[in-house]
Amino acid sequence: KILLVQSLLKDISGNTANKGGNEVLAALNALPKLLCDSFAPAFIDPLKELLKSSHPLVKKKALVALHRVAQLTEVQNLPDIVGALLSDSNPPLLAVCLNIIADFSKSKPEDYLPLIRKLSFLQTQLYE
């Protein structure tokens, strides 16, 4: 397990522009399927860094992986992270945000209520 964690951390850390995103995307595809609660916390900070990527697919896959990490362990400021990403223009990223809100608003409605209001506002803007 330790070798797997180290390999995945190495692939998702570093400069995604230099790697062209291929190694990062492969690691991000595998990460949600391989995560377990014992080593999920090790991926929180690298995934948060990947959310700042300029590659839309890297950003989306990092958020999917962070969602899986959050299902296994506590992720600090997850509602704030999702709220910031709601203003992104990438529709697949917004779909992942909606999935996270739907998943966690059941257990922590007070944290996700402002995001639901923001989603309602975005929906109103789309219809106009």
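Yes/no per residue for (1) in contact with a Lys or Arg (Cβ under 9 Å, 6 or more places away or on another chain); (2) surrounded by 14 or more Cβ atoms within 10 Å (Cβ to Cβ); (3) without any contact (Cβ under 8 Å) to a residue 12 or more places away in the chain; (4) assigned to a helix (DSSP H, G or I):
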residue: Leu57; (1), (2), (3), (4): no, yes, no, yes
residue: Lys61; (1), (2), (3), (4): no, yes, no, yes
residue: Leu66; (1), (2), (3), (4): yes, yes, no, yes
residue: Gln71; (1), (2), (3), (4): no, yes, no, yes
residue: Val82; (1), (2), (3), (4): no, yes, no, yes
residue: Ser89; (1), (2), (3), (4): no, no, yes, no
residue: Ile101; (1), (2), (3), (4): no, yes, no, yes
residue: Thr124; (1), (2), (3), (4): no, no, yes, yes
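For Glu49, state whether it is surrounded by fewer than 20 Cβ atoms within 10 Å (Cβ to Cβ), among the acidic types (Asp, Glu), within 17 Å of Lys10 (Cα to Cα) and at pLDDT below 95. Taking the combined requirement at face value, the residue satisfies it.
Matching residues to (1) modelled with pLDDT of 95 or more; (2) open to solvent by 10 Å² or more (accessible area, probe 1.4 Å); (3) within 21 Å of Ile116 (Cβ to Cβ):
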| residue | (1), (2), (3) |
| --- | --- |
| Ser13 | no, yes, no |
| Asn18 | no, yes, no |
| Leu31 | no, no, no |
| Pro92 | no, yes, yes |
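One residue alone among Leu51, Leu113 is in contact with a Ser or Thr (Cβ under 9 Å, 6 or more places away or on another chain) and free of Cβ contacts under 8 Å to residues at least 60 places away in the same chain, and that residue is Leu113.
The values are calculated or read from the model by the stated rules, or taken from the named source; none is laboratory data. Just so you know, these numbers come straight off a predicted model, no measurement behind them. We place every Cβ from the backbone using ideal geometry, glycine too, and count neighbours over all the protein chains shown. Ligands, DNA and RNA are excluded from the accessible area calculation, which covers all protein heavy atoms including side chains. Shrake-Rupley method; radii C 1.70, N 1.55, O 1.52, S 1.80 Å.
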